[in-house]
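Below is one structure, written out as structure tokens; comments come after it.
The values are calculated or read from the model by the stated rules, or taken from the named source; none is laboratory data. Please read all numbers here as calculations on a predicted model, not as lab measurements. Don't worry about glycine lacking a Cβ; one is built from the backbone with ideal geometry, like all the others, and counts go over all protein chains shown. Note: accessible area is taken over every heavy atom of the protein model, side chains too, but ligands, DNA and RNA are not part of it. Shrake-Rupley method; radii C 1.70, N 1.55, O 1.52, S 1.80 Å.
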Amino acid sequence: MMSCLEAKKPSLCHREPLTAEKVRTTLAVLKGVLTSCYGPFGRLKQLHNGVGGSVCTTSQSAVLLRNLSVTHPVLKVLIASVQNHVSCFSDCGLFTAILCCNLIENVQKTNLATATAIKLNKRLLNFCTNYLRSESCGCRIPVDFSSTQILLCLVRSVLTSKPACMLTRKEVDHISTLILRAFLFTIPESTKNPIILGKSIIISLKGPRVTDSTVLPGVLIEIPEIQLMKTLPVRKSSALKVALFSTSLSGDFSDPGEGSVVVSYRVSLENAVLDQLINLGRQLVSDHVDLVLCQKVMHPSLKRFLRTHHIIAIDRVGVTPIEPLSKATGAQPIGSLGPVSPSSYGSVKDWHSAQFGCKHFFHLIPNEAPVCTLLLCNRNDTVADELKLACQTALHVLQLTVKEPWVLLGGGCTETHLAACIRHTTHKEPGNILQGEGCTQAELQLIAEAFCSALESLAGSLEHDGGEILTDMKHGHFWSMQAGLPSVVNWPDLLSQCGCGVYSSQEELSWSVLRNTCHPFAPQTCIPHEALEINQQPARGLIVDCLTAKLSGLQVAVETANLILDLAYVIEDKN
């Protein structure tokens with residue numbers, strides 16, 4: 001029977017895709033979904049396949065964007081850009097995506113020529129970047145590594161912005177301390193330049209309380225209880241010699257693909273490979289190896305041979321611990337069954353057996369290597385997965401802070417402060433932004449207002465209960481007031497602290513509703529040291545963000561918005 005041949009369909013060409021109502025509506029829906037997840041009081045989202053499968057509950061951009069199914073090329077560009085940012089910096093994914101959506105929406109309302117809007121967006125981005133990196137920045141705090149206060153505030157800010165972790169204040173404090181300890185474990189004692197940080201392994205354990213979580217130096221390898229009982233109690237006064245295999249030691253044959261294997265008559269492949277494994281075992285014995293770790297499966301005969309010679313043999317370690325094990329032991333992963341080079345071996349100081357909950361572990365204690373294991377306990381799989389991802393994010397932002405030891409004020413204050421700075425500069429010193437761009441001051445005012453509105457709308461997304469959003473006229477910080485209060489009120493009686501927690505309403509401040517147009521003012525720069533109260537209890541309430549991650553998010557948001565605004569045609573091949 002001949003198959004039916006279908007004529008090739010011509011490609012569909014859509015001119016100016018952002019003018020299509022369907023695209024604008026879809027973009028608005030995506031923005032609504034992301035905005036509702038933003039901040040510590042963001043709403044959770046459940047993602048699942050309509051025909052079955054697992055259900056995912058989250059508010060984190062990494063999980064949300066990975067599980068969202070979008071079809072329009074414009075949305076694919078936006079999501080791909082944000083995912084790329086998150087893969088590099090872990091944090092500020094929702095910040096980036098929401099700001100990008102806000103910019104696209106606001107710039108379209110100005111009806112300015114696209115080229116002009118893009119040009120001015122770039123100038124405003126450059127202004128923001130320069131200001132946030134400058135010494136006069138009013139929302140940047142230096143990180144003093146001789147004190148843990150700011151670092152703890154940074155970790156707490158990451159954890160509290162992930163409501164699906166469902167942590168109490170006590171649990172947040174406990175996990176924050178563990179994350180900081182795990183991070184400090186990865187800093188090598190030697191001061192070589194450049195500093196190469198160690199590794200932290202995170203293991204989730206369902207069942208025990210969150211406060212039972214702990215951090216241990218070295219590497220924990222989960223093994224069945226029966227295998228742990230068979231492990232010989234080798235104890236030596238000197239270091240234990242380690243061999244680490246990344247290849248299978250099961251004796252199975254790898255797939256030859258389209259090739260073929262030629263075997264001589266009466267030769268048994270199984271016996272030949274087993275002989276090779278036993279020869280490998282003999283070399284390990286003659287080299288006085290004490291511990292053999294295998295990423296994959298180890299043949300029972302090889303296991304038995306090694307144990308007979310008092311060598312600890314552990315297989316099915318998995319791919320994730322291989323790099324930390326290599327760092328902890330100094331061993332090079334061995335990828336073949338041939339003779340092992342003596343330089344491939346490593347060593348560890350000692351080992352112990354450990355039990356946490358219903359699971360048993362083999363605990364390797366390194367000599368001096370900066371490697372540790374963070375054991376996270378939680379109530380169920382959903383919360384455990386969310387908490388593990390949040391802890392990975394917190395560890396990553398701490399690493400970024402080592403490279404660039406600054407943090408930005410969080411809680412919406414950096415966004416509103418930036419907006420105040422931009423408005424003041426465009427009204428008082430527009431030449432500092434225009435600088436020969438060939439644009440008029442009126443055009444700059446329009447785009448600057450769209451840019452500021454995008455930042456303020458992003459800050460306002462932190463309020464999910466209909467409360468009033470305010471900004472003070474001195475520092476340009478973000479303030480939130482609960483809904484349902486009378487229109488004529490004494491604001492200092494109802495406001496306690498700004499979003500980041502630096503300033504109190506008891507100061508002599510005046511406020512303006514964020515959505516109302518106010519006269520441009522110059523916000524105070526350079527945060528007074530006494531306002532931070534770093535060494536006092538109020539510093540616990542300070543909300544801060546990673547400078548590196550936020551600057552990247554700001555750049556990705558503006559550049560992606562410019563790219564989407566500049567799309568003249570979308571050509572789709574339907575074949």
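Might you check whether a residue that is assigned by TED's automatic domain parsing to the domain that holds Leu547, modelled with pLDDT of 90 or more, basic (Lys, Arg) and open to solvent by 40 Å² or more (accessible area, probe 1.4 Å) occurs anywhere in the stretch 44-54? The answer is no; no qualifying residue exists.
Looking across the stretch 373-400, the residues that are hydroxyl-bearing (Ser, Thr, Tyr) and either over 19 Å from Thr168 (Cα atoms) or surrounded by 22 or more Cβ atoms within 10 Å (Cβ to Cβ) (or both) come down to Thr373, Thr393. Among all positions in the stretch 336-357, there is no residue which is open to solvent by less than 10 Å² (accessible area, probe 1.4 Å) and farther than 19 Å from Ala239 by Cβ. Residue pairs whose Cβ atoms lie under 7 Å apart, sitting 6 or more positions apart in sequence or on different chains, and linking a residue in the stretch 73-98 that is open to solvent by 10 Å² or more (accessible area, probe 1.4 Å) to a partner that is basic (Lys, Arg) and at pLDDT below 95, do not occur here. For the stretch 423-470, a tally of residues being among the β-branched types (Val, Ile, Thr) and surrounded by 22 or more Cβ atoms within 10 Å (Cβ to Cβ) returns 2.
A single member of Asn130, Asn111 is open to solvent by 30 Å² or more (accessible area, probe 1.4 Å) and at positive phi, and it is Asn111.
Yes or no, residue by residue, for (1) more than 13 Å from Leu547 (Cβ to Cβ); (2) in contact with a Leu (Cβ under 7 Å, 6 or more places away or on another chain); (3) at pLDDT below 95; (4) not in a helix (DSSP H, G or I):
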position	(1), (2), (3), (4)
Lys119	yes, no, yes, no
Thr129	no, yes, no, no
Ser134	no, no, yes, yes
Cys137	no, no, yes, yes
Asp144	yes, no, yes, yes
Ser147	yes, no, yes, yes
Val155	yes, yes, no, no
Val158	yes, no, no, no
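Before we move on, is Val143 surrounded by 15 or more Cβ atoms within 10 Å (Cβ to Cβ), among the aliphatic types (A, V, I, L, M) and without any contact (Cβ under 8 Å) to a residue 40 or more places away in the chain? So Val143 fails the test. Could you look through the stretch 180-209, keep only residues that are out of contact with any strand residue (DSSP E or B) (no Cβ under 7 Å at 6 or more places or on another chain) and of a type in the set (Val, Ile, Thr), and pick out the one that is modelled with the lowest pLDDT? Here the answer is Thr191.
At least 3 residues being over 30 Å from Ser61 (Cα atoms), touching a residue at least 24 places away in the same chain (Cβ under 8 Å) and not assigned by TED's automatic domain parsing to the domain that holds Ser204 is the threshold, and among the helices (runs of 4 or more DSSP H) wholly inside the stretch 288-405 those reaching it are 300-308, 322-329.
In the stretch 401-422, of all residues being of a type in the set (Val, Ile, Thr) and open to solvent by less than 50 Å² (accessible area, probe 1.4 Å), the one that is farthest from Trp479 (Cα to Cα) corresponds to Thr401. Check whether at least one residue in the stretch 449-469 is under 17 Å from Leu124 (Cα atoms), at pLDDT below 90, part of a helix (DSSP H, G or I) and of a type in the set (D, E, K, R), and report yes or no. No, every residue in the stretch 449-469 fails to be under 17 Å from Leu124 (Cα atoms), at pLDDT below 90, part of a helix (DSSP H, G or I) and of a type in the set (D, E, K, R). For the stretch 176-204, what are the residues that are in a loop (DSSP other than H, G, I, E, B) and open to solvent by 20 Å² or more (accessible area, probe 1.4 Å)? Those that are in a loop (DSSP other than H, G, I, E, B) and open to solvent by 20 Å² or more (accessible area, probe 1.4 Å): Ile187, Pro188, Glu189, Ser190, Thr191, Lys192, Asn193, Pro194, Ile195, Ile196, Leu197.
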